[in-house]
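The values are calculated or read from the model by the stated rules, or taken from the named source; none is laboratory data. Fair warning: this is a prediction, and the values are worked out from it, not measured in the lab. All Cβ positions, glycine included, derive from the backbone under ideal geometry; neighbour counts span all protein chains shown.
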Amino acid sequence: MTGERSVTIIMIEDDEGHARLIEKNVRRAGIHNRIVHFTDGTTALDHILHDEAGPRRNGPALILLDLNLPDMSGTEILARIKADEDLRRMPVVILTTTDDRHEIERCYDLGCNVYITKPVNYENFATAILQLGLFLSVIQIPGSAL
Amino acid sequence: MAEPEQVTEQERRALRGTITRFLTVGLVALVGIVASGGVLMSMNQRQIELIGHSYQVEREIANIRLAVARLVAVSREPHGRKGPSALLARAPVEAGLSLATERLSDLSRDNPRQQARIVMLTDAARKAERNASAGAVLDDTGGYLSPDPTVLVNRLCDVMAAEESRLLDLRIARLRDIDNGLYVILGLAGVLLAVVGALIFTTLRSYTRELSASHEALHEANEGLEAAVQERTAELKRANAEIQRFAYIVSHDLHSPLVNILGFTSELEAANAVLHAALDKARTERPDSIDPTTCVVIEEDMPEAIHFIRSSSAKMDRLINAILELSRLGHRTLRPQWIELGTLCHAVADTMQVRLAESGGELVLDEPMPEILSDRLSIEQIIANLVENAIKYAHRDRPPHVRVTARRSGPDVVIEVADNGRGISEKDHDRVFDLFRRSGPQDREGEGIGLAHVRGLAHRLGGTVALRSKPGVGSTFTVTLPVHYQAADPS
């Protein structure tokens, strides 16, 4: 999984605690890819779309996206990514507290690849992240040597 | 709205008064006119009679003159014809004269002056008769030997005729006056009727105008009221939607920190397990080095703290989920459809089989049940919640027996869920329908959401829910829903 063009995980999550728990559990699942963390939508979008070190120039990436961000809605970020010719194949995993049916449908309509509800129960949460880790270890991401 | 009605009532009373006054005045005037008309008519009649009387008197006077003239003529006949033939010719003339004087006397009984004259006339007439029968009244020159009674008769007749003619003129003049009076009165009556009619007409017309104006005002007020109601309803709906949205956002935002609390509690637990392991290892390897306080912290205090954080957070999570669920149901669009309540209750009963088996209880569905046009999911949830409660809050001495009935009642369907459970104390009958409120010993799982949910659903379907219960005997929940669910305005 390591390698020159290994997948970078871009985590957009405003809650530091959640970010930390996600990271811990992703690591526990045996995923050791680089994780870049953003706590707001503007900086994250800037990195994804324009940064020299971002996914546009620097190889494959996977987005872990929370929908409730302080400065914008996660669905907007999702829409921007899926509208970009270069980046639209990049997998986006929505990881959020909302389990509203309409919201989930909307995310899939916009092209999200996986939608995971953050369970409050920690065991379930850990299991979900673990499954995400397993998912990350088997999926093929375009342009990568995962 | 009370004020305009009062005004109208007052106006109505005033109008009634006005019309009654007009009618009374008109009626009194009419009665007066009729009465005076009657009086005038009888006066008229009297005058006509009097005039006829006068003519009769005149006629009799004329008869007397004629009789006297004949008498004179008979007595002037040549002497040769005197004798029985002259007597024969004189007899009817004399009879006519006495008859005429008698009639005249009868006719003039009311007039003393004429009466006096008649006495003289009768007297003169008799003399004339006598003279005529004597045959020696006239000499050859035609002069009178004694004053000629016929002349007296004629003169009296002239006087009486003059008197009667005066009376006749007077009576005719009176008759004309009476006729004129009648015309005047008729004219007055006509004018009066016209005036009263016109007054009533104008009053009625103005009243009708006022009536239609007040009707219009009422109509406007009604429309205003309707608009006000609609406005309030819209406001309420907005407020309700706001509360729903608020509940949704709050419960969502509360979720995030809870994820952290529970997550890091688990991390702490994992850390505690590590410490526990280290402590166990130390116990076997270097028992002397162990501080008993450390043992208590690692083995008792930390697990206890973690346990409380966990259970409290878990409870908080359930409450938040409940609010979230309720607010979500509030958002849900109701989809009315025809539902066979019997079939629906059977489906609900199927989901309760496990619980029923556990409790050893029994669920009876009273069939047949009516149909209802309403939201299926809502009704399912109402019945499921009530049945579940009935099983859950069974009396500790007996297995639950739950009976579900449904019947039509006018425009409603009444669904009842009755149990033989532990019952609900009177003071809690309202409270149990509040969110997070429960009744009786808190020995069963639950957050106090079910009945709040049932009530919310019943209200949304345009119905109500009521409770009858006796502690230790059982409870009956009655849900009344309209047969035809009417969706509120889309606005």
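Suppose we filter B:Leu258, B:Leu193 for residues that are in contact (Cβ under 8 Å) with a residue 40 or more places away in the chain, loosely packed, with under 15 Cβ neighbours inside 10 Å and not assigned by TED's automatic domain parsing to the domain that holds B:Arg460; which single one remains?
Result of the check over B:Leu258, B:Leu193: B:Leu193.
Can we say B:Ala227 is in a helix (DSSP H, G or I) and within 39 Å of the chain's Cα centre (by Cα)?
It is true that B:Ala227 is in a helix (DSSP H, G or I) and within 39 Å of the chain's Cα centre (by Cα).
May I ask you to say which residue of B:Ser251, B:Ser266 is within 14 Å of chain A (Cβ to nearest Cβ), polar (S, T, N, Q), in a helix (DSSP H, G or I) and free of Cβ contacts under 8 Å to residues at least 60 places away in the same chain?
Unique residue meeting the criteria: B:Ser266.
Scan the stretch A:1-16 and tell me whether some residue there is within 13 Å of chain B (Cβ to nearest Cβ), at pLDDT 85 or above, out of contact with any Lys or Arg (no Cβ under 8 Å at 6 or more places or on another chain) and in a helix (DSSP H, G or I).
Yes.
Name every residue in the stretch A:12-30 that is surrounded by fewer than 17 Cβ atoms within 10 Å (Cβ to Cβ) and among the small types (Gly, Ala, Ser), in order of residue number.
Correct list: A:Gly17, A:Gly30.
Give all pairs with beta carbons closer than 9 Å in which a residue from the stretch B:303-325 that is away from chain A (no Cβ under 11 Å) and basic (Lys, Arg) meets a residue that is surrounded by fewer than 17 Cβ atoms within 10 Å (Cβ to Cβ) and outside any helix (DSSP H, G or I); count only pairs at least 6 apart in sequence or on separate chains.
Every condition considered, the pairs that remain are B:Lys315/B:Glu447.
If you go through the stretch A:93-102 one residue at a time, do you hit one that is touching a residue at least 12 places away in the same chain (Cβ under 8 Å), more than 10 Å from every other protein chain (Cβ to nearest Cβ), within 14 Å of A:Lys82 (Cα to Cα) and part of a helix (DSSP H, G or I)?
Scanning the stretch A:93-102, I find no residue that is touching a residue at least 12 places away in the same chain (Cβ under 8 Å), more than 10 Å from every other protein chain (Cβ to nearest Cβ), within 14 Å of A:Lys82 (Cα to Cα) and part of a helix (DSSP H, G or I), so the answer is no.
Report yes if some residue within the stretch A:67-86 is part of a strand (DSSP E or B) and not hydroxyl-bearing (Ser, Thr, Tyr); otherwise report no.
Yes: the stretch A:67-86 contains one or more residues that are part of a strand (DSSP E or B) and not hydroxyl-bearing (Ser, Thr, Tyr).
Which of the residues spanning the stretch B:88-120 are touching a Ser or Thr at 6+ places or on another chain (Cβ under 6 Å) and either surrounded by 15 or more Cβ atoms within 10 Å (Cβ to Cβ) or not assigned by TED's automatic domain parsing to the domain that holds B:Asn63 (or both)?
B:Thr101, B:Gln114, B:Ile118, listed by residue number.
Go through the residues of the stretch A:127-137 one by one and say whether even a single one is modelled with pLDDT under 75, surrounded by fewer than 16 Cβ atoms within 10 Å (Cβ to Cβ) and of a type in the set (Gly, Ala, Ser).
yes
Away from chain A (no Cβ under 14 Å), exposed (fewer than 14 other Cβ atoms within 10 Å of the Cβ) and at pLDDT 90 or above: is that true of B:His219 in this structure?
So B:His219 fits the description; yes.
How about the stretch B:440-478: which of its residues are touching a residue at least 60 places away in the same chain (Cβ under 8 Å) and either of a type in the set (Ser, Thr, Tyr) or not assigned by TED's automatic domain parsing to the domain that holds B:Lys392 (or both)?
B:Ser475, B:Thr476, B:Thr478
Within the bounds of the stretch B:73-80, is there any residue that is at pLDDT 75 or above and not hydroxyl-bearing (Ser, Thr, Tyr)?
Scanning the stretch B:73-80 turns up at least one residue that is at pLDDT 75 or above and not hydroxyl-bearing (Ser, Thr, Tyr).
Filter the stretch A:22-47 for residues that are within 14 Å of the chain's Cα centre (by Cα), farther than 24 Å from A:Leu134 by Cα and not in a loop (DSSP other than H, G, I, E, B) and give the result.
Scanning the stretch A:22-47 gives A:Gly41, A:Ala44, A:Leu45, A:His47.
Please give the helices (runs of 4 or more DSSP H) falling wholly within the stretch B:303-422 in which 3 or more residues are surrounded by 18 or more Cβ atoms within 10 Å (Cβ to Cβ) and among the small types (Gly, Ala, Ser).
By residue number, B:376-392.
Output yes when any residue across the stretch B:464-482 is of a type in the set (S, T, N, Q), under 21 Å from B:Glu340 (Cβ atoms), in contact with a strand residue (DSSP E or B) (Cβ under 7 Å, 6 or more places away or on another chain) and surrounded by 14 or more Cβ atoms within 10 Å (Cβ to Cβ), and no when none is.
Yes - at least one qualifying residue is present in the stretch B:464-482.
Between B:Asp158, B:Asp123, which is modelled with pLDDT of 80 or more and in contact with a Pro (Cβ under 9 Å, 6 or more places away or on another chain)?
None of the other options fit; the residue is B:Asp123.
Do we have B:Arg455 as at pLDDT 85 or above, touching a helix residue (DSSP H, G or I) at 6+ places or on another chain (Cβ under 8 Å) and of a type in the set (D, E, K, R) here?
Here the answer is yes, as B:Arg455 does meet what is asked.
In this structure, is B:Leu204 assigned to a helix (DSSP H, G or I), at pLDDT 85 or above and of a type in the set (A, V, I, L, M, F, W, C)?
So B:Leu204 fits the description; yes.
Evaluate the stretch A:55-62: report whether one residue or more is of a type in the set (Lys, Arg) and away from chain B (no Cβ under 14 Å).
Yes: one or more hits.
Does B:Phe264 count as over 60 Å from the mean Cα position of the chain (by Cα), surrounded by fewer than 16 Cβ atoms within 10 Å (Cβ to Cβ) and of a type in the set (Phe, Trp, Tyr)?
No, not satisfied.
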